[in-house]
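Contents: one structure, followed by commentary.
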Amino acid sequence: MVTDRGRYAGLSAEERMRQRRGKLREAALATIAEQGLSGLKVRALCARAGLNDRYFYESYADTDQLLFEVMEIELAAVMAELVAVIATEPADTRVRLRAVVEAGIAAVADHPVRRAIFIDLQTTGELRRRRAEFVAIVGGIMLDQGRELLGADAVTGIDAELAARTISHGGLELVSEWLRGDLDIERARLIDFLVAMILTTSQITTTVRREMAGATDGSRG
């Protein structure tokens, strides 16, 4: 019912569009949880949202744009949960690290939408780019936490960055394999392994530096 000029049922055109956009996001979340990313089809999403197909294109150019919006929201939520854990755990490296890894695994594995997103993060070029951005953020958190918790003992410089990216890339791929069911281990075992790997990063980096220095000296000789 039109109540005022430009308003319908008490809502402006902009408010109605925002409402429809929200319905499409909700439909996308439900679809991803049930069918994975491949289930995102314009007609099916609009039917689920109770909207005419034409309303999809007032908000999104295609389903990829909707997917990336949902991804940004969900990945930001994961990072917020991890930051909250970091802020509340004591400044003990082992205790805080285990809490963060446990929270990170739970935030993805126990959430159907995030689980589906992480499983499919390698399927397209744009998804791989988003994955790389996520890895960079996780690597940055690792470096920051290393400096905060280890102080002068923390490994720094380009080698530390390379180590953080290696652990982040490898850890994410390991978690993805586990989520897909390609890695037949219990959650506790996965968490124990990831914690141990991260804890030994400084030792690994020191060993790598020593080997690289030896290789350089040998090539000069």
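The values are calculated or read from the model by the stated rules, or taken from the named source; none is laboratory data. Quick caveat: nothing in here was measured; it's all calculated off a predicted structure. Positions of Cβ are generated from backbone atoms using ideal geometry, with glycine treated the same way; all protein chains shown enter the neighbour counts. Side chains included, ligands, DNA and RNA excluded: accessible areas come from the protein's heavy atoms. Shrake-Rupley method; radii C 1.70, N 1.55, O 1.52, S 1.80 Å.
List of remarks:
- For the chain, the fraction of 1.4 Å probe accessible surface lying on carbon and sulfur atoms is 54 percent.
- Solvent-accessible area of Asp144 with every protein chain in place, 1.4 Å probe, in Å² to the nearest 10: 80 Å²
- Residue-normalised accessible area of the chain, given per residue in Å² at a 1.4 Å probe: 57 Å²
- For the range 117-161 versus the range 14-36, the spacing of their alpha-carbon centroids is 30 Å.
- With each label modelled as a point 7 angstrom along the Cα→C-beta vector, the Asp92-Ala152 pair spans 2.5 nm.
- Answer label for Kirkwood radius over Cα pairs in Å (calculated), chosen among (i) 17.7; (ii) 20.2; (iii) 19.2: (ii)
- Per residue of the chain, the DSSP helices (runs of n ≥ 4 H) give a summed -39500 (n - 2.57) that works out to -25500 deg cm²/dmol at 222 nm.
- Candidates Glu102, Glu173, Glu14: whichever shows maximal mean-square fluctuation once the chain is modelled as a Gaussian network with Cα springs under 10 Å: Glu14
- Using R0 = 22 Å, the C-beta based FRET efficiency linking Asp192 and Val83 works out to 0.40.
- Sites Glu15 and Asp64 - FRET efficiency at Förster radius 35 Å, r taken between beta-carbons, to 0.05: 0.85
- Mean separation of Cα pairs under 8 Å and 6 or more residues apart, divided by the residue count, gives the range 57-186 a relative contact order of 20 percent.
- Summed residue charge, Cβ within 11 Å of Ala107's Cβ, Lys/Arg positive, Asp/Glu negative: -2
- Within the listed set Thr93, Thr207, Thr63, the Gaussian network model of the chain (springs between alpha-carbon atoms below 10 Å) gives the highest mean-square fluctuation for Thr207.
- Whole-Hz couplings from phi, Karplus 6.51/-1.76/1.60, listed for the range 30-40; x for Gly and Pro: 5, 5, 4, 4, 8, 10, x, 5, 5, x, 6
- Separation between Cα centres of the range 168-199 and the range 52-76, rounded to whole Å: 31 Å
- Computed from phi, the 3J(HN,Hα) profile of the range 99-114 under the Karplus parametrisation 6.51, -1.76, 1.60 (θ = phi - 60°) reads 4, 5, 5, 4, 5, x, 5, 5, 4, 9, 5, 8, 10, x, 5, 5 Hz, with x in place of Gly and Pro.
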